[in-house]
Amino acid sequence: MHALSLRLARPSLQRPTPASWLLGLLLLTLLWDASGLDLAVMRAIGTPQGFVWRDAWLLERVLHDAMRTVMTLAFALMCAWALWPGLAMPRRERALVVMLTTLSLLAVNLIKNASLTSCPWDLQAFGGTARAVSHWSWGVGDGGPGRCFPGGHASGGFAFVAMCLPWLLPPDGVTRRRVVGLRWLAAALLSGALAGAVQTLRGAHYPSHTLWTLLICASVSLTGWRLALPWLAAQGRTARAGGAPSRPSPMAQVLTVLRPLVVPVVGTLVVLSLSRLGLAWWQAGRITQAQAWSQVWLQGLRFDALLTGMIWVFPAAITPWMALNRRSQRGWWAFLRWYGGLALLLVAFMELATPAFVAQYDSRPNYLFVEYLGYAKEVSGTLLKDHWPHLLATSLLLPAMAWAYARLSRPAQAPKTVRVWVALPLSVLLFAALALCARGALGHRAANPASVAVTSDHLVNELPLNSLYTVAYAIYQSRKSEAGVVYAELPRAQVIDIVRRESGLPEGAFVDDPASPTRHRQASLFPRQRPLNLVIVLEESLGAEFVGSLGGLPLTPNLDRLATQGLWFENLYATGTRSVRGIEAVVAGFPPTSAVSTVKLAKSQRDFFTLAGFLKARGYESTFFYGGESHFDNMRSFFMGNGFDHVVEQKDMPAGAFIGTWGASDGDLFDIAHQHFSRQAKDKPFFGLVFTSSNHAPFEFPDTAIELYEQPRGTVNNAVKYADHALGRFFDKARQSAYWDNTLFLVVADHNSRVYGPSVIPVERFHIPGLILGGAVKTPERITTVASQIDLAPTLISLMGLSGEHPLIGRDLSDPVQRARPGRAIMQFDRIQAYMEGSEVAVLQPDAPARLMRYDKGQLLDRSDGDPGLIAKAQAHARFAQWAYQEGWHR
């Protein structure tokens with residue numbers, strides 16, 4: 001009897017359900033949080049100097065970078081599994097698994113981006129600046145960068161928990177082997193736990209972050225699956241009975257709405273992926289040399305999603321509303337079929353045109369592609385002669401693709417309407433998701449080509465993009481360049497003659513090069529057997545009113561001290577009011593225009609003269625150092641396309657760096673730069689451009705670095721004082737270094753902090769400091785000549801001991817003859833340009849006569865007895881800058 005009772009009782013024992021597992025996981029996570037073991041574990045792993053395994057090759061390169069790539073491929077395989085025909089599991093269940101996996105990843109990502117919790121390696125206990133604040137303290141910042149809770153890397157494994165649900169919780173009437181689900185669950189748990197452990201060992205995440213990531217992914221997957229189970233069961237019964245449900249479920253209505261979008265969207269992504277695969281196979285050697293395989297694929301997915309979002313965000317958001325009525329839905333489906341087909345064929349055409357363009361110009365299609373459309377005869381002849389295989393392939397593949405699209409997009413059944421309560425949330429969801437894709441980023445800056453410019457090989461940088469996007473972006477940039485004001489039309493010969501004459505060079509110095517009218521040979525006045533290294537410190541927003549040596553506030557004791565040890569410019573003027581304008585003038589020696597800076601324009605992204613390009617031909621290695629994100633204002637793309645070899649930016653800062661809104665503090669940036677310069681080989685000359693950012697609103701800097709000049713803390717005066725403190729520390733270190741004697745330093749502002757004033761152009765707000773010093777500068781001098789930022793590049797070239805040809809129109813102010821001439825400065829203030837010679841100023845305004853004025857004691861006054869020739873000089877320089885960009889003269 002006892003044995004029988006046991007046998008009867010055994011079938012009533014319940015197996016643990018996924019819901020009970022989820023409850024147990026919640027309790028475990030809460031107990032771990034309550035225990036306070038997070039910090040104990042991290043203290044056992046880390047040290048006050050940081051985490052020794054943070055940069056370990058196995059953890060960083062293999063178990064983080066490579067594992068992330070494997071997870072991405074696994075997700076792609078899952079998507080293919082969901083679409084594969086003829087499998088035993090219904091496609092609706094497979095599609096739901098993919099959707100739940102995606103929602104799990106999105107949930108973790110959204111929470112992470114809203115989190116104020118910083119990573120362990122950002123804590124003060126481990127060499128950082130953040131305080132230890134629990135993630136339960138909602139809305140309380142810890143002084144660090146945040147965005148660390150929960151674990152993003154672990155979510156790449158835990159999101160696959162959804163794979164186990166079709167076997168562990170099958171719909172009613174379906175029987176499947178439970179052991180298969182347990183195996184999928186074990187695989188997801190193992191991969192997620194491994195990813196979380198890796199990040200814990202590196203100091204990136206607490207153990208609790210991994211637990212919470214699993215809890216979030218499991219909750220999203222289980223909740224979504226349980227909600228969909230009734231619908232899955234109903235669909236299964238209908239399929240087995242051979243009938244159709246009388247009332248469509250909400251999921252059925254959603255699928256009805258999405259049906260006309262699937263073929264064109266999936267087709268677009270397939271075309272882009274296949275094209276990139278072919279280009280990567282063709283350029284495999286260059287990708288390998290640049291070590292950029294993961295970059296090409298991961299960023300490629302990002303920009304393919306970006307293009308898809310741009311094409312479909314509005315049509316997709318409108319589609320649910322059109323499905324409220326059968327007649328409007330039928331018409332809208334017809335429109336979507338044509339719209340999607342044209343979009344797909346346009347994408348395919350651009351990708352098919354890419355190999356020929358790459359073969360010719362070594363880049364994806366850009367503004368040249370658009371310009372050449374106006375030369376049909378010449379272009380068609382070239383294509384027929386040199387690229388007929390591409391023409392043949394395009395003429396065969398495009399019609400075949402159009403035929404396939406027409407077949408696949410043909411409506412399989414009559415449209416079915418949806419209800420308002422389904423259309424509203426679905427429309428909002430589609431718009432939000434595709435708008436996010438179109439933006440390409442969750443941060444405060446949208447993605448752009450500079451986001452992927454991570455190597456010195458411009459073509460490798462462009463492979464993650466797609467050609468329709470690169471052409472559209474080039475058109476967008478070119479349209480911005482057309483906004484430049486033409487103040488006066490002058491004969492081209494007259495413009496070139498005036499600009500040459502005002503450069504102060506003899507006519508015999510210019511070379512006969514119609515493609516670059518100002519190209520000339522500059523001979524150094526200080527020739528050297530071993531030319532000097534060059535370091536330019538571009539100080540953010542440092543106007544003369546903040547500099548004691550220029551009559552400003554007593555905020556720059558270090559710069560004032562250094563001013564007595566080098567060549568100090570007392571009357572140096574910025575060319576504009578933006579950082580990119582200062583970069584354009586200092587690094588490229590290019591005069592200003594009323595258009596967007598050439599740093600951001602399409603035609604100057606390659607083969608545009610810069611100091612880096614000039615020095616590269618002479619064996620220099622050039623590096624751009626920036627505490628923020630280098631793709632801001634397109635800087636990375638401009639620099640990497642015009643001579644620079646490396647970029648060091650915010651992501652390269654050490655664990656303990658102070659990170660503010662605009663990036664790492666000046667002190668941390670200078671430390672990185674100094675270490676880099678100290679490691680340079682003595683026989684390899686280098687150029688370093690160090691662009692600071694601490695003196696930028698909201699004026700954030702380390703707490704204990706300086707004694708505040710005033711209260712409250714976050715003011716421009718306090719930020720300037722900190723920037724000067726960091727500059728002084730850098731030069732104290734540099735003076736003791738091995739590279740000091742062989743290096744020329746330039747300290748100069750990009751522009752003033754705030755350019756404003758009652759004058760038509762506030763000249764006093766363009767006044768900035770400039771200082772050249774270094775071990776080779778033996779005799780300090782004060783240069784009182786009025787000077788422009790465009791004069792600095794030729795001056796540096798001469799002082800470095802270099803000679804050579806270039807197109808710069810600035811003056812070499814190391815030459816006493818040039819200093820004896822009346823100095824001149826060119827200033828752009830929105831659409832107004834001023835040309836100042838000594839104290840005389842010609843002001844150019846759109847749709848208004850030029851004005852002659854005098855600048856005296858900070859005031860700009862009209863005068864009637866000025867020199868009309870000054871207006872001609874101003875107009876010639878303004879027109880020259882426009883032509884130099886448009887015609888490619890500055891190379």
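The values are calculated or read from the model by the stated rules, or taken from the named source; none is laboratory data. Worth saying up front: this structure is predicted, and the values here are computed from it rather than measured. Positions of Cβ are generated from backbone atoms using ideal geometry, with glycine treated the same way; all protein chains shown enter the neighbour counts. Keep in mind that these areas ignore ligands, DNA and RNA; they rest on the heavy atoms of the full protein, side chains included. Shrake-Rupley method; radii C 1.70, N 1.55, O 1.52, S 1.80 Å.
Suppose the filter is open to solvent by less than 70 Å² (accessible area, probe 1.4 Å), within 31 Å of the chain's Cα centre (by Cα) and without any contact (Cβ under 8 Å) to a residue 60 or more places away in the chain; does residue 122 pass it?
Values: open to solvent by less than 70 Å² (accessible area, probe 1.4 Å): yes; within 31 Å of the chain's Cα centre (by Cα): yes; without any contact (Cβ under 8 Å) to a residue 60 or more places away in the chain: no.
The answer is no for residue 122.
How many residues are of a type outside the set (Lys, Arg) and free of Cβ contacts under 8 Å to residues at least 12 places away in the same chain when one looks only at segment 672-685?
Residues that pass the stated criteria total 3.
Just to be sure, is residue 68 within 16 Å of residue 191 (Cβ to Cβ) and either assigned to a helix (DSSP H, G or I) or out of contact with any helix residue (DSSP H, G or I) (no Cβ under 7 Å at 6 or more places or on another chain) (or both)? First the steps, then the outcome.
Values: within 16 Å of residue 191 (Cβ to Cβ): yes; either assigned to a helix (DSSP H, G or I) or out of contact with any helix residue (DSSP H, G or I) (no Cβ under 7 Å at 6 or more places or on another chain) (or both): yes.
The answer is yes for residue 68.
In segment 644-655, is there at least one residue being part of a loop (DSSP other than H, G, I, E, B), within 21 Å of residue 885 (Cα to Cα) and either of a type in the set (Ser, Thr, Tyr) or open to solvent by 30 Å² or more (accessible area, probe 1.4 Å) (or both)? Give the derivation first.
First, pick out the residues of segment 644-655 that are part of a loop (DSSP other than H, G, I, E, B): 644-645, 649, 653-655.
With within 21 Å of residue 885 (Cα to Cα) added as a condition, the list becomes 644.
If we keep only those that are either of a type in the set (Ser, Thr, Tyr) or open to solvent by 30 Å² or more (accessible area, probe 1.4 Å) (or both) too, we end up with none.
Checked segment 644-655: no residue is part of a loop (DSSP other than H, G, I, E, B), within 21 Å of residue 885 (Cα to Cα) and either of a type in the set (Ser, Thr, Tyr) or open to solvent by 30 Å² or more (accessible area, probe 1.4 Å) (or both).
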Scanning segment 80-93 residue by residue, those open to solvent by 80 Å² or more (accessible area, probe 1.4 Å) and part of a helix (DSSP H, G or I) turn out to be 83, 91
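Quick one: which of 77, 110 is exposed (fewer than 15 other Cβ atoms within 10 Å of the Cβ), closer than 30 Å to residue 433 by Cα and modelled with pLDDT of 85 or more? Please lay out each step first, then the result.
Details: 110 fails: modelled with pLDDT of 85 or more.
Being exposed (fewer than 15 other Cβ atoms within 10 Å of the Cβ), closer than 30 Å to residue 433 by Cα and modelled with pLDDT of 85 or more holds for just one of 77, 110, which is 77.
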I'd like the residue in segment 608-639 that is within 17 Å of residue 793 (Cα to Cα) and assigned to a loop (DSSP other than H, G, I, E, B) and, out of all such residues, is farthest from the chain's Cα centre (by Cα). 618
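Tell me whether segment 819-842 contains one or more residues that are farther than 19 Å from residue 879 by Cα, open to solvent by less than 10 Å² (accessible area, probe 1.4 Å) and either in contact with a helix residue (DSSP H, G or I) (Cβ under 6 Å, 6 or more places away or on another chain) or not aromatic (Phe, Trp, Tyr) (or both).
We begin by selecting, within segment 819-842, every residue farther than 19 Å from residue 879 by Cα; these are 819-823, 838-840.
Add one more test, that the residue is open to solvent by less than 10 Å² (accessible area, probe 1.4 Å), and what stays is 823.
Still in the list and also either in contact with a helix residue (DSSP H, G or I) (Cβ under 6 Å, 6 or more places away or on another chain) or not aromatic (Phe, Trp, Tyr) (or both): 823.
Within segment 819-842, one or more residues are farther than 19 Å from residue 879 by Cα, open to solvent by less than 10 Å² (accessible area, probe 1.4 Å) and either in contact with a helix residue (DSSP H, G or I) (Cβ under 6 Å, 6 or more places away or on another chain) or not aromatic (Phe, Trp, Tyr) (or both).
Just to be sure I understand, how many residues within segment 734-764 are in a helix (DSSP H, G or I), surrounded by 16 or more Cβ atoms within 10 Å (Cβ to Cβ) and not small (Gly, Ala, Ser)?
4
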Looking only at segment 558-594, count how many residues are modelled with pLDDT of 95 or more, part of a helix (DSSP H, G or I), closer than 23 Å to residue 811 by Cβ and of a type outside the set (Gly, Ala, Ser). 4
I'd like to check something: does segment 865-884 contain any residue that is of a type in the set (Asp, Glu), open to solvent by 30 Å² or more (accessible area, probe 1.4 Å) and closer than 27 Å to residue 512 by Cα? no
Contacts under 9 angstrom Cβ, first residue in segment 41-67 being of a type in the set (Asp, Glu), partner open to solvent by 100 Å² or more (accessible area, probe 1.4 Å), 6 or more apart: 60/53
Quick test of your reading of the structure: residue 158 fulfils all but one of (1) out of contact with any Lys or Arg (no Cβ under 8 Å at 6 or more places or on another chain); (2) in a loop (DSSP other than H, G, I, E, B). Name the failing condition by number. (2)
Restricting attention to segment 277-295, report how many residues are out of contact with any Phe, Trp or Tyr (no Cβ under 8 Å at 6 or more places or on another chain) and crowded, with 20+ Cβ neighbours inside 10 Å. 2
Given (1) open to solvent by 30 Å² or more (accessible area, probe 1.4 Å); (2) of a type in the set (Gly, Ala, Ser); (3) at pLDDT 90 or above, residue 516 misses just (1)
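Of all residues in segment 56-74, count the ones that are farther than 20 Å from residue 297 by Cβ and open to solvent by 60 Å² or more (accessible area, probe 1.4 Å).
Residues of segment 56-74 that are farther than 20 Å from residue 297 by Cβ, as a first pass: 56-59.
Add one more test, that the residue is open to solvent by 60 Å² or more (accessible area, probe 1.4 Å), and what stays is 57-58.
Residues meeting the conditions: 2.
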Taking residue 516 and the conditions (1) in contact with a Ser or Thr (Cβ under 8 Å, 6 or more places away or on another chain); (2) part of a loop (DSSP other than H, G, I, E, B); (3) not aliphatic (A, V, I, L, M), which numbered condition does it fall short on, given that it satisfies the others? (1)
Contacts under 8 angstrom Cβ, first residue in segment 391-417 being on the phi < 0 side of the Ramachandran plot and open to solvent by less than 70 Å² (accessible area, probe 1.4 Å), partner polar (S, T, N, Q) and modelled with pLDDT of 80 or more, 6 or more apart: 415/329; 417/325; 417/329
Got at least one residue in segment 765-778 being under 17 Å from residue 543 (Cα atoms) and in a helix (DSSP H, G or I)? yes
